[in-house]
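Remarks on the structure that follows.
No lab work stands behind these numbers, since they all come straight from the coordinates. Everything numeric here is computed off the predicted structure, so don't read it as measured data. Heads up, the Cβs are rebuilt from the backbone with ideal geometry, glycines too, and the neighbour counts pull from every protein chain shown.
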Amino acid sequence: MPSTLKRILILRGGALGDFIVTLPALRLLREHGPHARIELVGNPRAAELGRATGLLDTVHAQSEARWAQLYDPAPLTPALQTWLDGFDLIVSFWPDPEGELRQHFAARGPAFIADTAPPTTAPAAAHFCNALRPLGLATDDFAFRLNFPADIRAEATRRLAGLENFIALHPGSGSPRKNWPLDRWTEYIARVGQPLLIITGEAEAHHPGRPETETIRHAHEWPLPVLGAALERCAQFVGHDSGISHLAAAAGAACIVLFGPTDPAIWAPPGARVLRHGDSLTAISVDDVLAVSSATPAVATRER
């Protein structure tokens, strides 16, 4: 990457998992431009992980109305055009099936790179890293380990409030067809015999109802950096093909991920133990999960 690059803009939409599989590509850009200002237009909540770990300097919400101009053949407003002209490199992973977005950057030549939003390579992270090859950037390391600042780890410790040797579990995902049946989660919780951190968010309309006790804690819509720092400390994580599973893996947790209709070769978090019995998660029993859990080494809590 030329050392003259001072400002870089990344266009990357989607949910949490979509952002996390882009982290190795962002790491490439940051390593080769340690003093560059890197800005991203995307999911602000997910991208906060990039800000908290130093990969991103600024995040702009993908929901802002101004970005609609990029899909209109009319010239951009002077204000947006001037702002975009201030970047030395723009990398787009936004959908552009008709080429409207690309036409606004045609004159930038190699200072504009675009690739498809859906991954076409396994694993997904390789797709986004490979897009940067025209810059001379390449890697075969598609895992990313999040490293959280001390204040975020301290907040995670406060929220965990003495919960130790716990299993973290996420009973939801962005799609019901990727979810293990709720009664299986309820049975698993009753049988697992370890302290639990039950993670829920706005996508979980239903979840295994368990009151908080000394050994059960609920992490409902915790800030993602704080949740990631909490997942650093879990003995094990169990979840679905979801962004939270990718967050757990990036935090260094020992992950067991239940797959059904989606392809684990593309979407499984690096290093995760995958459990899949065909396209339906109903084929996975509680005994199956407990057996994999007992065979998966726990992660030792690191000293803080």
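Points to keep in mind about this one:
- Measuring nothing but how far apart in sequence close Cα pairs (under 8 Å, 6+ apart) lie, relative to its length, the chain scores a relative contact order of 17 percent.
- Calculated mean residue ellipticity at 222 nm for the chain: -8500 deg cm²/dmol, from DSSP H runs with n ≥ 4 weighted as -39500 (n - 2.57), summed, divided by the residue count and rounded to 500.
- For the chain, Kirkwood radius (reciprocal of mean inverse C-alpha pair distance, Å): 20.4
- Rounded to the nearest 20 debye, the dipole magnitude of the chain is 560 debye, with +1 charges on Lys and Arg beta carbons, -1 on Asp and Glu beta carbons, and the Cα centre as origin.
- Diffusion coefficient (Stokes-Einstein, Kirkwood radius over C-alpha pairs, 25 °C, 0.890 mPa s) for segment 91-166: 154 µm²/s, rounded to a whole number.
- Positive-end extreme of charge dipole, the chain - chosen from 16, 28, 285 (charges on Cβ): 28
- Three-way shape label, segment 7-135, alpha-carbon gyration tensor, a/c 1.5: rounded
- For the listed peptides 238-251, 70-83, 9-22, a ranking on the average number of other beta carbons within 10 Å per residue, highest first, reads 238-251, 9-22, 70-83.
- Ignoring the sites themselves, the chain has its longest run without GluC sites (Glu not before Pro) in a DSSP loop having at most 14 other Cβ atoms within 10 Å at 222-302.
- Toward the positive end of the charge dipole of the chain, with +1 on the Cβ of Lys and Arg and -1 on the Cβ of Asp and Glu, the farthest Cα among 267, 47, 63 is that of 47.
- Length-normalised contact order for segment 150-295 - Cα pairs under 8 Å, 6+ apart - percent: 25
- Taking a ≥ b ≥ c as the square roots of the eigenvalues of the alpha-carbon gyration tensor, segment 21-69 is classed prolate because a/c is 1.5 or more and a/b outweighs b/c.
- Between helix 23-32 and the chain there is an angle of about 50 degrees, using the helix long axis and the longest principal axis of the Cα atoms.
- Gyration tensor verdict on segment 215-262 (Cα atoms; rounded if a/c is under 1.5, prolate if a/b is larger than b/c, oblate otherwise): prolate
- Counted residue by residue at 0.36 nm each, then reduced by the alpha carbon distance between them, the extension gain from residue 63 to residue 274 reaches 72.6 nm.
- Between segment 2-35 and segment 65-143, the Cα center-to-center distance that results, in Å: 11
- Based on alpha-carbon atoms, the Kirkwood radius and the radius of gyration of segment 150-295 give Rg/Rh equal to 0.93.
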